[in-house]
Amino acid sequence: MHRRDLLKAAAAFAPMIVAGRAFATPAAGSGRLLLVFLRGAYDAANIVAPVGSDFYHQARPTIGLHAPDPSNPDAALPLDGDWAMHPALRDSLYPLWQKRQIAFVPFAGTDDMSRSHFETQDTIELGQPIAGSRDFRSGFMARLAVALGTDRPMAFSAQVPLCFQGMANQPIPNIALNGNLKPTIDPREAKLIEAMYTTNRLGDAALADAVAEGFATRETVFKSLADEMTQASRGAVTPKGFELSARRIGTLMREQYNLAFVDVGGWDTHVNQGGAQGYLAGRIGELGRGLAGFAQEIGPDAWRDTTVVVVSEFGRTFRENGDKGTDHGHGSVYWVIGGGVRGGRIAGPQVRITAETLNQQRDLPVLTDYRELIGGIVQRQFGLGSNRLATVFPDTRPVALDLV
C-alpha cells in the first residue's frame, strides 16, 4: 500500500474533533434521516382515508373522500381494501406507493391527551416520557446525533427546534425557509370593489356600507384564523414554501447533511377544510410535490439510503364539525418514505373504525407510540444497539415494523 493510500485509509477511520468533542466519522452507507413535522395537526383521516368504513362516510358527509373510482378524478386512490390516498397526491406520492417506497402507519401518536398544539409538539420533540419531570434542554434528535457520533445535522427552520436542543458543544446550523399566509383578496383589491359600490348609479349608500362592513368582518375573521394558524405552526414554513424549497433540501442532504429536520405549518383546519378539493387539498398537494421533488433531487444513490418520516402532533376529530372542518383530536397517520423503505403497505396494529372504537367517541385511538415507531426505524437505519437507543428514547421498546 502506498503511503498516500495508507494516510487516506487512516483518516477515514479517525474520529473528528469538533468544538472540543470527538465524533466518529459516519460509516459509509449509514444513511440519512429527514423528519418532517406537520405543525398544526393535519387531518390524517382525509389524506390516508379509511374509505372502507361506512362510519367514515357517515361521519364526514361534506368533507369525506369518495371511495376509489377510476372514472372519478376526485375519488380517492386505492391503497388496500380499507384505506385510500387523497387524489391531490396522484402525481407525487402515489407513484412512490406503487414503487413500494412509502408506508403509512395509522393510529400513531403520543400518550399526551392535552390536545394542545404546543404541549403535544413539545412532547414529540423532547421524545421523553411525559410522566414525571422532563428536560426541556434535551431533544430527541440532538440525542440521536450524539448516539450516531455524526457532525452533520441540520435544521431547516427559522430557529433551532426543540428536538435539536441539548448540543451546546456543537451548535446545530439552521436555515429558514420562506413562506407566509396571505388573504385571497388583498387590501388594494378590496378598496376597488368597495369603490364600485360607493359610486354606483343607484347611489345606494346602505349597499356600499354593507360591502365595506363585509370586507372589514372578513379581514377580522381572516386575521383571527391566521393568528391561530400561525401560533399552531410556530413559525414553520408553509406547504407552498416547502414545495419551493424541498429540492434545495435534497441537494444539501445529498452532499452535506445526514440528519435533518423541517417543520411545515398550516394544518389547523377548523373551518372550510374541503374534501377532494379545497384548502386541505391544496396544502397536501404542495407537500406531496415537495416530497417528490426532494426524492428526485437527492438522487437515486442517496435516496436508497434515505428515510423520510412525516409526523404531526395529533390527528383531528373523526367527525366533521358544523363549520365543515375538524377540531383537535388524538391519533394520526405517520408516513415513512425512502428508497430502502419496505413500503406499499399499511403498517402497524389497526382496529376497525366505528363509533365504539374511537378514542373518547371522537378521535382515532393511538395504537403505535411515536417513540417506539421512530426508535424502531433509527435502530434499523443506523444499526443502533439497545444501549445507545435507550439514550435517544429512554424507557422505550422499539417496535419492529420492518419498515427499513
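Points to keep in mind about this one:
- Label-point gap, in nm, between ASP402 and GLU255 - each point 7 angstrom along Cα→Cβ: 3.9 nm
- Inter-label distance, PHE136 to HIS66: 4.9 nm, where each label sits 7 Å from its Cα along the C-beta direction.
- Cα gyration tensor shape for region 61-116, rounded if a/c is under 1.5, else prolate or oblate: oblate
- Loop trypsin sites (Lys or Arg not before Pro), region 349-384, which have at most 12 other Cβ atoms in a 10 Å radius of their Cβ (DSSP): ARG352
- Among 62-68, 142-148, the order from most to least packed when residues are scored by Cβ within 10 Å on average: 142-148, 62-68
- Sequence of VAL378, VAL262, VAL271 once ranked by neighbouring C-beta atoms within 10 Å, starting from the fewest: VAL271, VAL262, VAL378
- Counted by neighbouring Cβ atoms within 10 Å, the residues SER53, SER332 run from fewest to most as SER53, SER332.
- Label-to-label distance, nm, for residues given as GLN296 and THR354 (7 Å Cα→Cβ offset): 4.6 nm
- Region 267-311 - convex hull of the alpha-carbon atoms, volume per residue in Å³: 74 Å³
- When TYR56, TYR279 are sorted by how many other C-beta atoms sit within 10 angstrom of their C-beta, beginning with the fewest, the order is TYR279, TYR56.
Since every read-out is calculated from the coordinates, none of them should be taken as a lab result. These numbers were taken from a predicted model, which means no experiment stands behind them. Note that we place each Cβ from the backbone using ideal geometry, even for glycine, and neighbour counts take in every protein chain shown.
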